[in-house]
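Report on the following structure.
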Amino acid sequence: MISKKEKLCPGAPMKRITNSNRSAGTGLISYKPSCSINENQSWPRKIIHIDMDAFFAAVEQRDNPKLIGKPVVVGGDPFGRGVVSTASYEARKFGIHSAMPAAQARRLCPQAIFVKPHFEKYHEVSVRVMSILHQHTDLVESISLDEAYLDVTEHKFGIHDPEVIALLIKQNILAVTKLTASAGVAPNLFLAKVASDFNKPDGLTVIRPDQITDFLENLPVRKIPGVGPKTEARLLALGIKTCGELAGVSASFLVEKFGKTGRWLHQTAQGIDEREVEPYTESKQYSTEETFEKNITTLPPLRAKLEEYAEHIYCGLKEEGRMGRTVVVKVKYHDFELITRSFTLDHEPKNWREIYQIARELLEKKTLAGKKPVRLLGLGLGSLHEIGKREKVAQRDLFDQSELLTEMKGI
Ligand code: TTP
Ligand code: MG
Ligand code: MG
């Protein structure tokens with residue numbers, strides 16, 4: 001039987017390189033050698049997804065050598081109502097994972113070492129990691145503290161092979177932060193993300209354009225980022241377990257069962273994802289945001305902020321003779337997790353209240369505000385254009401994406 005790793009890289013032996021520079025964490029740098037170094041291989045786009053390994057726990061292990069090799073759980077009080085932020089790979093062997101009650105983690109592994117999070121430190125590391133990524137391309141879309149997409153189709157120093165770029169990034173991150181990251185290289189965002197998760201920790205997985213169908217054939221549908229437990233259960237009930245099986249079902253059947261999501265599922269199962277890496281640039285949207293002195297735990301003060309921002313943005317843009325149709329709400333939680341949720345109107349907003357109403361709905365339905373303390377709140381208007389004229393570049397419908405992300409995060 002051909003293993004997935006062999007399938008990924010036919011004929012190429014798996015190579016493991018011991019990394020002697022490491023001072024923390026476990027494992028080896030492992031990657032598939034030279035299988036993507038193929039001058040004739042045409043890459044429509046070269047996308048890399050980078051995700052740090054057991055991020056919070058790895059930082060704690062790095063900074064306290066006594067924790068190296070031990071089951072470490074970062075999160076709240078294991079004797080109270082605390083929740084696990086993350087667990088070291090040693091702790092994961094006991095079944096401990098993010099978002100689990102810390103008390104349950106303690107029962108699963110009584111010898112686990114529980115550590116309170118140090119968010120400022122994680123933020124500092126994140127800034128360093130992101131600056132390494134920007135050395136390779138300006139097309140960097142940071143998804144959370146420990147994770148980003150890069151479009152390296154055009155590389156700043158002209159490196160053509162995306163595998164080489166990913167390896168350089170991993171080595172650079174390790175040298176600067178003493179932490180490991182996993183990388184996925186593929187022709188689009190969906191596949192790059194699945195690839196970075198494929199060989200964690202410290203992995204580098206390349207899915208070349210001609211390997212997509214083979215790679216997806218036996219991939220469980222749950223591995224699709226955006227397919228949460230609910231969608232998975234509905235697919236299983238239809239007898240669909242793998243992306244291969246999903247790809248074999250007609251688009252119309254999936255649309256009938258899942259609505260708009262059905263069309264997306266059908267495309268994704270075939271490895272199609274046309275989303276672009278969208279770096280956050282102020283010029284693309286008119287926005288305002290605020291980091292609060294004290295985290296905000298209830299909705300009313302956040303609603304009041306949105307009202308204030310909506311008025312400011314609407315009036316500011318109007319003065320400049322511009323307007324935008326995409327309402328973007330940005331929330332950074334107390335643990336520095338950063339999310340954006342957006343909705344694109346099919347018309348120019350008539351007044352600031354319309355912007356506020358949409359922002360409020362996004363905040364209340366598409367984020368955990370009110371349940372999870374909020375450190376930063378932002379509001380922006382994108383798809384900017386001169387008043388009365390449509391913007392030239394069509395924006396992708398982020399609202400659909402946010403629905404899927406919401407399910408992914410189990411909200
Ligand atoms: P992840 O990248 O999802 O997880 P991870 O880096 O800990 O582990 P992996 O090797 O599988 O990538 O999340 C990054 C950090 O975000 C994580 O270290 C802690 C934090 N986090 C939470 O606080 N709560 C959560 O539910 C999740 C998923 C993450
Ligand atoms: Mg991670
Ligand atoms: Mg992550």
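Restricting the calculation to Cα atoms, region 215-269 yields a radius of gyration followed by a Dmax of 9.6, 27 Å. In region 215-269, Cα pairs under 8 Å separated by at least six residues give a relative contact order of 34 percent. Put in order of Cβ neighbour count within 10 Å, fewest first, the listed residues Tyr309, Tyr286 become Tyr286, Tyr309. Put simply, the amide H of Ile240, placed in the peptide plane, has no neighbours under 5 Å, leaving out anything fewer than 5 places away on its chain. Backbone amide hydrogens, once placed in the peptide plane, bring Val115 within less than 5 Å of Val73, Val74, Gly75, excluding anything fewer than 5 places away on its chain. Evaluated at q = 0.13, 0.22 Å⁻¹, a Debye calculation over the C-alpha positions of region 122-253 (equal weights, vacuum) places log10 I(q)/I(0) at -0.61, -1.29.
Normalised by residue number, the volume inside the convex hull of the Cα atoms of region 72-161 is 112 Å³ per residue. Taking 15 Å as the straight-line reach from the Cα of Lys200, the aspartates and glutamates in range (excluding those fewer than 8 positions away in the same chain) are Asp51, Asp53, Glu90, Asp146, Glu147. For region 55-119, the pair-distance distribution built from all alpha carbon pairs, in bins 5 Å wide starting at 0, is 4, 23, 36, 24, 12, 1 percent. Put in line by how crowded their Cβ is, counting other Cβ atoms within 10 Å and starting with the fewest, Lys372, Lys66, Lys332 read Lys66, Lys372, Lys332. Straight-line cross-link reach from Lys241 at under 14 Å between alpha-carbon atoms covers these aspartates and glutamates, not counting any fewer than eight positions away in the same chain: Glu217, Glu232. Shown here for region 145-242: chymotrypsin sites (Phe, Trp or Tyr not before Pro) in loop regions (DSSP other than H, G, I, E, B) with at most 11 other Cβ atoms within 10 Å, namely Phe157.
Read the figures in this text as sums done on the coordinates, not as results from a lab. The structure presented is a predicted model; accordingly, all values stated were derived computationally and were not measured. Cβ: placed from backbone, ideal geometry, glycine included. Neighbour counts: every protein chain shown.
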